[in-house]
Amino acid sequence: MHDRLIGAQRTLMCAPAHRIVEHLSEYLAKEYAGAALELFQVDYRLSELVPLDGGPAITHPGAPAWRAFDHLTEVEDGPSLWLPVAVRGDRLGVARIFPAPADAAVRAELAEIADLLGHALAAAREGTDRYAVAARTKRLTLAAEMQWGLLPGRGRTGPAFALAGQLEPAYAVRGDTFDWSDDLDRLQVVVVNGHGEGVAAATLTCLAMNALRNARRAGLDIADQAMLADQAIYSYHRGTQHIDALMLDLDLTTGVVTTVDAGSPRLMRLRDGEVTPVTLDAQDPLGMFDGTMYATQTFTLEPGDRLFVVSDGIAEATARGARYGDTLLDRFLARSGALSPLAAVRSVIGDLRAFIGGEMIDDAVAVCLDWTPPTPGDGRG
């Protein structure tokens with residue numbers, strides 16, 4: 001690693017958690033001829049890039065900062081160089097470097113430093129509220145605070161996959177959520193369609209998600225994970241509360257997907273520009289009955305396939321007597337193939353807002369997963 005990159009890494013590691021951006025900016029000014037740095041974080045709605053220290057947010061989708069964010073690439077805009085700030089595919093925002101250096105090697109170094117900043121931010125967020133607060137354009141409800149605290153992130157990439165998810169309404173979501181874990185050659189994803197209102201809905205989802213994680217981390221397969229989560233919810237609520245979940249276990253080497261459908265989240269596949277539903281045998285929601293036994297089903301992806309999971313807050317949203325899932329959803333998803341998973345879920349939420357003519361009222365969750373196994377000669381095998 002270049003000496004200046006090592007120095008930047010040490011600067012980030014030694015800086016107080018709430019001051020890593022300032023310490024890095026001072027380091028850049030010293031090592032890169034007075035270069036300055038500003039951090040813009042993406043907000044909870046994925047609609048604004050918000051400066052860390054206040055000031056106007058960047059909202060125009062075609063702005064250079066958004067192009068850097070969307071395409072994970074550097075974008076020059078006059079005196080400014082915009083660089084994506086992400087960690088393992090989870091896009092946190094963008095960094096503005098100014099003045100933009102002309103030397104390509106220097107720009108490459110700064111792009112690596114932006115990557116280091118992403119990892120430092122991910123670690124720092126565990127010990128300070130500064131970055132979480134700065135990324136909010138309004139206050140979260142208590143239920144939404146609980147839901148965002150559950151998430152593993154909003155995006156993830158690996159050698160054979162890319163995925164992303166989004167919750168809406170972002171600042172007032174109640175019961176819908178998602179989770180994932182990639183280990184060795186497997187990726188497990190769960191999407192939950194919650195029930196109820198406010199903190200009660202968030203508490204039910206919190207119980208379900210932690211029961212599922214506890215079973216997963218004990219090494220159980222997804223059928224047993226579902227059974228233990230079902231038992232945990234039933235033991236507490238005695239059938240008066242339940243939750244819908246769709247569980248996926250993708251073998252990243254073969255494309256075989258093992259599933260448990262315990263409710264209503266809708267699963268669709270995009271292949272060669274055509275959207276088709278993945279039909280599964282619906283089983284009882286988690287917590288509805290005592291001692292429910294869950295069975296798995298399987299289907300196989302082809303390289304380049306994309307899966308969408310959407311809750312009923314998206315599929316069943318209505319406006320002017322029409323239902324979004326019956327009129328526009330498949331058509332919109334079919335056009336999303338060129339977008340990254342995060343851009344795809346952001347776009348479908350935006351399209352839904354346009355369809356209903358305003359902010360969403362019902363909870364909604366959207367998750368997008370691409371299977372992209374390495375092929376001979378692509379440098380990833």
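Throughout, read-outs are computed from the coordinates displayed, never taken from laboratory work. Everything numeric in this text was worked out from a predicted model, so none of it was measured. Methodologically, a virtual Cβ is constructed for each residue, glycine included, from the backbone with ideal geometry; neighbour enumeration extends over all protein chains shown.
Computed 3J(HN,Hα) for the range 38-44, one whole-Hz value per residue from the Karplus formula 6.51 cos²θ - 1.76 cosθ + 1.60 where θ = phi - 60°, is 10, 9, 10, 9, 6, 7, 5, glycine and proline marked x.
Placing +1 on each Lys and Arg Cβ and -1 on each Asp and Glu Cβ, with no other charges, gives the range 3-134 a dipole about its Cα centre of roughly 200 debye. Can you list residues from other chains, or at least 5 along the same chain, whose modelled amide H is less than 5 Å from the amide H of Ala36? Amide H neighbours of Ala36: Phe98.
For the pair the range 213-261 / the range 17-47, the C-alpha centres are spaced 41 Å from each other. Centre-to-centre separation between the Cα atoms of the range 310-370 and those of the range 52-103: 26 Å. When only alpha carbons are used to place a centre, the range 191-209 and the range 109-163 end up 22 Å from one another.
When peptides 184-191, 48-55, 367-374 are ranked by their average number of other Cβ atoms within 10 Å per residue, the highest-first order is 367-374, 184-191, 48-55. For the chain, averaging the sequence separation of C-alpha pairs within contact (under 8 Å, six or more residues apart) and dividing by the residue count gives a relative contact order of 14 percent. Between helix 20-31 and the chain there is an angle of about 30 degrees, using the helix long axis and the longest principal axis of the Cα atoms. The long axis of helix 341-356 is offset from the longest Cα principal axis of the chain by roughly 70 degrees. Could you check how many percent of all C-alpha pairs in the chain are farther apart than 39 Å? Everything past 39 Å amounts to 19 percent. Rounded to the nearest 0.05, what FRET efficiency is calculated for Thr298 and Ala334 with R0 set to 35 Å and r the Cβ-Cβ distance? Result of the calculation: an efficiency of 0.90. Here the contact order of the range 3-134, divided by its residue count and restricted to Cα pairs under 8 Å and six or more residues apart, works out to 24 percent. The H on the amide N of Leu301, modeled in the peptide plane, is under 5 Å from the matching H of Val256, Val257, each at least 5 residues off or on a different chain.
The phi-based Karplus calculation (6.51 cos²θ - 1.76 cosθ + 1.60; θ = phi - 60°) puts the 3J(HN,Hα) values of the range 220-236 at 7, 6, 5, 5, 6, 4, 4, 5, 6, 5, 4, 5, 5, 5, 5, 4, 8 Hz, whole numbers, x for Gly and Pro.
Using the Kirkwood radius over Cα pairs, work out the Stokes-Einstein diffusion coefficient for the range 3-134 at 37 °C and 0.692 mPa s, in µm²/s as a whole number.
In µm²/s, the coefficient is 225.
Computed from backbone phi, the HN-Hα couplings of the range 328-340 come to 10, 4, 4, 4, 5, 4, 5, 8, 8, x, 7, 8, 5 Hz, rounded to whole numbers (Karplus: 6.51 cos²θ - 1.76 cosθ + 1.60, θ = phi - 60°; Gly and Pro given as x). Peptides 167-173, 138-144 ranked from most to least packed give 167-173, 138-144, packing being the mean of other C-beta atoms within 10 angstrom over each peptide's residues. Estimate the FRET efficiency between Ala108 and Ser181 by the formula 1/(1 + (r/R0)^6), using the beta-carbon distance for r and 25 Å for R0, to the nearest 0.05. Given R0 = 25 Å and the Cβ-Cβ separation, E is 0.20.
In the range 41-83, Cα pairs under 8 Å separated by at least six residues give a relative contact order of 22 percent.
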